[in-house]
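Undergrad: The structure is given below, and queries will be raised subsequently.
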Amino acid sequence: MTEPDAAFHADAEPEWLHSHAHEPNLVVPPGDGSLLLVTDASHMHITPAWLSGLPQTHIEHCYIVSTGHGISGPFRFGGVRVADLLAHVNADACVHVDVVAADGFGTRLTRAEIADVSVERPPLLALTLDGDPLTRAAGLLRLIVPTETDDALKQVKWVARIEVR
Ligand SMILES: Nc1nc2c(c(=O)[nH]1)N[C@H]1C(S)=C(S)[C@@H](COP(=O)(O)O)O[C@H]1N2
Ligand SMILES: [Mo]
């Protein structure tokens, strides 16, 4: 168990919480796709291999919509539903979940977004892309929010921490 750095618990809200525009970072940050899952009860180091042992969900026809750089897709992403991960660690009674990347980018998902969306297109921690393992360059491990088709600000690549509150 690793103690999270103090800055992460600072009262100041992170910059990404209120950002309305963002140029995608083209620099792949170091890392192997593993992440820290922080709940009120525990800190868990989670690897892509461990996640691949949980029930997998596949979602067709996903698009990454960038306001400035066009649209890519359709993609078929596979991985673990955020809701399934939270249920697995008994953290599904959350208020919101912050998903923060190794490059400081991030997004906040509400409990409603995680649990109440159509069960067919839920937020996913993606491990595969079109049937192949997701590469680090392509964002391993990547949050995919299929219902977000405005600006890709929820399609967080290189997830490094998930904070459940
Ligand atoms: N970690 C991280 N994730 C990110 C970004 C980023 O800068 N860092 N940029 C976002 C933005 S603004 C866009 S448009 C998409 C780009 O995704 P793509 O590389 O698959 O086209 O990633 C999103 N996810
Ligand atoms: Mo973007």
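Undergrad: Could you report the accessible area of Val27 in Å², rounded to 10, computed with a 1.4 Å probe on the protein chains as they sit in the structure?
TA: 100
Undergrad: With all protein chains present and a 1.4 Å probe, how do Thr67, Thr149 order by accessible area, largest first?
TA: So, going from the largest accessible area down, we get Thr67, Thr149.
Undergrad: Quick check: pseudo-label points 7 Å beyond the Cα along Cα→Cβ at Thr110 and Asn90, how many nm apart are they?
TA: For Thr110 paired with Asn90, the spin-label model returns 2.8 nm.
Undergrad: How high is the relative contact order of the chain, given as a whole-number percent (alpha carbon pairs under 8 Å, six or more residues apart)?
TA: In percent, rounded to a whole number, it is 28.
Undergrad: Across segment 83-155, what fraction of all alpha-carbon pairs, as a whole percent, falls in each successive 10 Å bin from zero upward?
TA: Calculated P(r), rounded to whole percents: 17, 51, 30, 1.
Undergrad: What does the convex hull of the Cα atoms of segment 25-95 come to per residue, in Å³, rounded to a whole number?
TA: It is 142 Å³ per residue.
Undergrad: Here is a further query. Work out the P(r) tail for the chain: percent of alpha carbon pairs separated by more than 23 Å, whole number.
TA: 33
Undergrad: Another question about this same structure. I'd like the GluC sites (Glu not before Pro) in segment 60-127 restricted to DSSP loop residues with at most 12 other Cβ atoms within 10 Å, sorted by number.
TA: The qualifying sites are Glu120.
Undergrad: Determine the dipole magnitude for the chain: charges of +1 sit on the beta-carbon of Lys and Arg, -1 on that of Asp and Glu, nothing else is charged, the reference point is the Cα centre, and the result goes in debye to the nearest 20.
TA: 340
Undergrad: Let me know the charge dipole size of segment 86-165 about its Cα centre in debye, to the nearest 20, where only the beta-carbon of Lys, Arg (+1) and Asp, Glu (-1) is charged.
TA: 260
Undergrad: Turning to a different aspect of this structure: What accessible area per residue, rounded to a whole number of Å², is obtained for segment 1-151 using a probe radius of 1.4 Å?
TA: Here the residues of segment 1-151 average 55 Å² of exposed surface.
The values are calculated or read from the model by the stated rules, or taken from the named source; none is laboratory data. Treat the numbers as computed from the prediction; the structure is a model and nothing was measured. Virtual Cβ from ideal backbone geometry, glycine too; neighbours counted across all protein chains shown. Accessible surface areas use protein heavy atoms only, side chains included; no ligands, DNA or RNA. Shrake-Rupley method; radii C 1.70, N 1.55, O 1.52, S 1.80 Å.
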